[in-house]
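This report concerns only the one structure given below.
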Amino acid sequence: MVGLPHFLVVSAILFSIGLLIMITRRHGIMMLMGLELILNAANLNLIAFSRYVETGIRGQTFAIFVIILAAAEAAIALAIILSIYTHSAKINLDELTSMKE
Amino acid sequence: MFDFIFFVFSFVCIGSALFVAFTPNVVHAALGLASTFATLAGFYVLLGADFLAITQIAIYVGGILVLMLFGIMYTHTIARVSGEQVMMQVGPALLVVILTLFTLVATILSTAWPVKEVAPPAPTADRIGVLLMTDYLLPFEVAAILLLVALVGAVVIAQTPVRKSIEESVD
């Protein structure tokens with residue numbers, strides 16, 4: 001019978017894969033993808049707890065705020081990456097050694 | 001049936017997340033991420049969160065992912081889409097990640113969660129709307145302002161070189 005621990009384990013695996021992406025990839029947009037995976041893992045946790053432990057709707061409301069923050073963060077981060085790329089033509093974050101020209 | 005659907009979703013979700021982690025092509029990674037997000041929406045349906053499942057599809061697959069694909073298209077010429085995106089320090093990273101995962105799973109399995117009897121799934125959109133307009137009104141308004149600031153900020157940050165070139169042409 002699938003219960004709370006199953007969802008938590010899937011969420012933990014997703015979190016670990018997101019962490020792996022953020023550690024190993026040096027491509028700016030790939031690191032953003034790892035970040036989104038981590039945020040989604042947190043959301044899955046919130047909703048699973050709201051279903052099995054709190055049995056209400058507050059966990060889901062909290063998850064909506066996480067999604068809002070993720071959307072804002074993705075927009076800003078992509079704008080910064082595009083701006084860096086137009087200034088220095090670099091997308092590999094390890095090659096970025098200065099903040100201005 | 002619930003269990004079977006859960007395991008199918010888990011398999012697809014984790015498989016496509018691993019694909020994102022290991023594929024050298026950024027566009028393929030973005031498509032794998034779309035699959036992960038879609039199966040997560042399936043998890044939300046299994047958990048009785050119908051409104052969040054639709055939100056997940058609309059915002060993540062329809063919004064954030066399209067934004068990322070735009071970013072990829074802007075920062076790569078077609079010929080350069082794969083090259084250079086190598087993974088670094090895979091060995092130490094895998095060690096850290098597997099230790100983290102082991103700790104998390106061991107904690108999850110050894111904790112006695114105070115699980116209650118689950119109610120049958122009911123529509124959630126109206127209840128979420130009521131909560132947003134009563135208990136969570138202040139966070140809701142703050143989130144609205146945050147989104148506005150992010151919108152304007154993203155436009156300002158991304159448009160700088162265009163403005164510079166216009167000023168130069170005016171001079």
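The values are calculated or read from the model by the stated rules, or taken from the named source; none is laboratory data. Quantities reported herein were computed from a predicted structural model and do not represent experimental measurements. Cβ coordinates were reconstructed from backbone atoms using ideal geometry, including for glycine residues, and neighbour counts include every protein chain displayed. Areas reflect the complete protein model, heavy atoms only, side chains present, ligands, DNA and RNA absent. Shrake-Rupley method; radii C 1.70, N 1.55, O 1.52, S 1.80 Å.
Observations on the model:
- Cα shape, the protein assembly as shown, gyration tensor, a/c 1.5 rule: oblate
- Remark: mean inter-chain Cβ contacts per residue of A:49-60 equal 6, using a 10 Å Cβ-Cβ cutoff to other protein chain atoms.
- Fraction of accessible area attributable to carbon and sulfur, chain A (%, probe 1.4 Å): 69 percent
- Working from Cα pairs under 8 Å separated by at least six residues, relative contact order for region B:1-79 is 28 percent.
- For peptide A:30-40, the mean count of partner chain Cβ atoms within 10 Å of a residue's Cβ comes to 5.
- Based on C-alpha pairs under 8 angstrom that are at least 6 apart in sequence, region B:21-161 has a relative contact order of 27 percent.
- Three-way shape call for region B:1-79 based on the alpha-carbon gyration tensor, with the a/c threshold at 1.5: oblate
- Entry note, chain A: relative contact order of 26 percent, from Cα contacts under 8 Å with a spacing of 6+ residues.
- Overall form of chain A per C-alpha gyration tensor (a/c, 1.5; a/b vs b/c): oblate
- Across peptide B:19-29, the mean count of Cβ atoms from other chains lying within 10 Å of each residue's own Cβ comes to 4.
- Projecting the Cα atoms of A:81, B:128, A:7 onto the dipole axis of the protein assembly as shown, where Lys and Arg carry +1 and Asp and Glu carry -1 at the beta carbon, places A:7 farthest toward the positive end.
- Spatial separation of Cα centroids for region B:32-67 and region A:66-91, in angstrom: 21 Å
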